[in-house]
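One structure below.
The values are calculated or read from the model by the stated rules, or taken from the named source; none is laboratory data. From a predicted model like this one, the values you see are computed outputs, not experimental measurements. For neighbour counting, all protein chains shown are included, and Cβ atoms are generated from backbone atoms with ideal geometry for every residue, glycine included. Just so you know, the surface numbers come from the protein's heavy atoms only, side chains and all, with ligands and any DNA or RNA stripped out. Shrake-Rupley method; radii C 1.70, N 1.55, O 1.52, S 1.80 Å.
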Amino acid sequence: MARAIVMFGPPGSGKGTQAVLLADALGLPHVSTGDIFRAHVQQGSELGLQVRAILNSGGLVPDELVNRIVEERLARPDCAGGFILDGYPRTLPQAQWLGGWLGERGFEQVVVNLEVDSEIIVGRIGARRQCPRCGASYNLVFNPPKNGAVCDRDQTPLITRPDDQEAVVRQRFQAYARQTAPLLGYFRDTARRFHDVDGATGGPDGIARRIVELVRQG
Ligand SMILES: [Zn+2]
């Protein structure tokens, strides 16, 4: 049975990284709605023009339009054997539409909820540094600069980007938790396969291996 894997995880949880690793390990396409939206807007497709007009006016893209864009992608031949959804669904009506669409086509829905404590995310993102001159990115834990607090290329003192400030990271985490709680509740109640996965231990490859095992258990 072809599987539709739906990935959830707060900003900073490594959800995008996991989606890519899973796509590789399972040989399935990684369907990122963020990427699809950007591609439509860049190509100036009919859907892209609609999305851009809505976003430019400060509005939210309606569920019906988001669903149409996703449907167009999922109907392509490379998705016939299954796929990994990243960034969708975001609302209850989107989740309900997706459930119906998958059910009609005989896909098995597997929901993966990557759990990472907010303190760990604050720590991970708080360790990011950037060079204000050349834009090089560092992480004091995973990818530290050679000379303490300055850029390897041009010796400019590194800064923390405004987006990575602790208060901003906490706000994003809380907004995600608020918006996603009803969706996760819906999936917990309705999805036959719902997996909470520890996204904080074992490193990216170890976490991906655990998810692959869970998905393959069937
Ligand atoms: Zn630099």
Subject >> residue 187 vs. criteria touching a Lys or Arg at 6+ places or on another chain (Cβ under 7 Å), touching a residue at least 12 places away in the same chain (Cβ under 8 Å) and not aliphatic (A, V, I, L, M) >> reply: no
**OP:** Being of a type in the set (A, V, I, L, M), surrounded by fewer than 18 Cβ atoms within 10 Å (Cβ to Cβ) and modelled with pLDDT of 95 or more narrows it down to one of 4, 80, so name that one.
**Re:** 80
**OP:** Determine whether region 140-156 contains at least one residue that is in contact (Cβ under 8 Å) with a residue 40 or more places away in the chain, away from the ligand (no atom under 16 Å from the Cβ) and part of a loop (DSSP other than H, G, I, E, B).
**Re:** no
Subject >> Residue identified as closer than 24 Å to residue 89 by Cα, open to solvent by 40 Å² or more (accessible area, probe 1.4 Å) and acidic (Asp, Glu) among 189, 163, 152 >> reply: 189
Original post:
From the residues in region 101-139 that are charged (D, E, K, R) and in a loop (DSSP other than H, G, I, E, B), which one is nearest to the ligand (Cβ to nearest atom)?
Top reply: 133
Subject >> Failed criterion for residue 98 (all others in (1) more than 16 Å from the ligand (Cβ to nearest atom); (2) in contact with a strand residue (DSSP E or B) (Cβ under 6 Å, 6 or more places away or on another chain) hold) >> reply: (2)
**OP:** Answer with yes or no whether residue 19 is out of contact with any Cys (no Cβ under 9 Å at 6 or more places or on another chain), small (Gly, Ala, Ser), touching a residue at least 12 places away in the same chain (Cβ under 8 Å) and buried (at least 20 other Cβ atoms within 10 Å of the Cβ).
**Re:** yes
Subject >> Count of residues meeting criterion [part of a helix (DSSP H, G or I) and open to solvent by 50 Å² or more (accessible area, probe 1.4 Å)] in region 192-211 >> reply: 4
Subject >> Verdict on residue 128 being open to solvent by 40 Å² or more (accessible area, probe 1.4 Å), basic (Lys, Arg) and under 25 Å from residue 20 (Cβ atoms) >> reply: yes
